[in-house]
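This report refers to the structure that appears directly beneath it.
Where a number appears in this text, it was derived from the coordinates with a stated rule and is not lab data. None of these values were measured; they are calculated from a predicted model. Neighbour counts are summed over all protein chains in view; Cβ atoms, including those assigned to glycine, are modelled from backbone coordinates with ideal geometry.
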Amino acid sequence: MSQMTPIRQVEGSKASERALGILIPPGQRTIVLLRPRALEYDLLPVNQDNSHGTFFWEIPQGRASAIADEMVQALTEHLQDVRIVPIADGDGYQLRMSLGHFVFVVCPRIAGQPYRPLALPTVAEAEKVSNRIRDALVPPSGADLEWYLNSRHFSR
């Protein structure tokens, strides 16, 4: 579903319920993640290289702003369909999304808990969540996708 997505930046405090947050948590190493406000899920970048033994793609804090800019650019050009992927070491399915050269995995947002990929028991349930994510990331006809940057205030 490659398409041009009209987007515009807004202040987080003025963002609508349909806005997409690009979050940069504090720390020497961080993850630049996507937070569709309308959903109870976050999209975390996957370490495609995996040479460091980490599942999520962590980067030095000093690179985070540049990576966030790349993600915003990719949002305007390369939004791809959310893919349903069988879980390698278990039953069920995960959801992954490509955005330019980034690959994200869908994770439930649970306060006080570390991120873990969402595991759905059936393809039908995975399709439902996939459609919700797609709807949250593709604005209705004639509308812009609002996005905001948050590098200071965090809660799940």
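Please identify the trypsin sites (Lys or Arg not before Pro) of the range 104-153 that satisfy two criteria: DSSP loop assignment and at most 13 other Cβ atoms within 10 Å. Which are they?
Loop-located and lightly packed - Arg152.
Please list the equivalent ellipsoid semi-axes of the range 56-105, computed as the square roots of five times the alpha-carbon gyration tensor eigenvalues, in descending order and whole angstrom. Kindly include the intermediate steps, with their values, before the conclusion.
Details: eigenvalues 124, 48, 5 Å².
They are 25, 15, 5 Å, listed from largest to smallest.
Considering the options Gln73, Leu33, Tyr93, tell which one lies farthest towards the positive end of the dipole of the chain, charges being +1 on Lys and Arg and -1 on Asp and Glu at the Cβ, about the Cα centre.
Toward the positive end, the furthest listed residue is Leu33.
Mind listing the long-range amide H neighbours of Thr30? Cut-off is under 5 Å, sequence gap 5 or more, other chains count too, H placed in the peptide plane at 1.01 Å from N.
For Thr30, whose amide H was placed from the backbone, the distant partners under 5 Å are Ile59, Gln61.
Taking DSSP loops as anything outside H, G, I, E and B, show the longest stretch in the chain free of GluC sites (Glu not before Pro) there with at most 14 other beta carbons within 10 Å.
41-156
If I model a spin label as a point 7 Å beyond the Cα along the Cα-Cβ vector, how far apart are those points for Ile59 and Arg29 in nm?
Rounded to a tenth, the inter-label distance reads 1.5 nm.
With runs of 4+ DSSP H residues as the only contributors, calculate the mean residue ellipticity of the chain at 222 nm using -39,500 (n - 2.57) per run, divided by the residue total and rounded to the nearest 500.
Computed ellipticity for the chain at 222 nm equals -6000 deg cm²/dmol.
If contacts are Cα pairs under 8 angstrom and at least 6 residues apart, what is the relative contact order of the range 7-150 in percent?
Averaging sequence separation for qualifying contacts and normalising by length gives 32 percent for the range 7-150.
Expressed in nm to one decimal, what extension gain is obtained for the pair Ile84 and Glu40 from 0.36 nm per residue of sequence separation less their Cα-Cα distance? Don't skip to the answer; put the middle values down first.
Working: separation 44, 0.36 × 44 = 15.84 nm, distance 1.80 nm.
Length gained between Ile84 and Glu40: 14.0 nm.
Once you have the Cα-Cα distance between Asp49 and Gln113, take 0.36 nm times their residue separation minus that, and quote the gain in nm to one decimal.
Here the segment from Asp49 to Gln113 would lengthen by 20.5 nm.
Please work out the Cα convex hull volume for the chain and give it in Å³ per residue.
Once divided by residue count, the hull of the chain is 117 Å³.
Just for the chain, what percent of DSSP beta bridges are antiparallel, to the closest 5?
Looking only at bridges with both residues in the chain, the antiparallel portion is about 75 percent.
Taking DSSP loops as anything outside H, G, I, E and B, show the longest stretch in the chain free of chymotrypsin sites (Phe, Trp or Tyr not before Pro) there with at most 16 other beta carbons within 10 Å. All intermediate terms of the calculation are to be shown ahead of the outcome.
Values: sites that count: Phe55, Phe154.
The segment 56-153 is the longest one with no such site.
Among Ser151, Ser130, Ser16, rank each residue by its count of other Cβ atoms within 10 Å, from fewest to most, as a rough exposure measure.
Exposure proxy ranking, most exposed first: Ser16, Ser151, Ser130.
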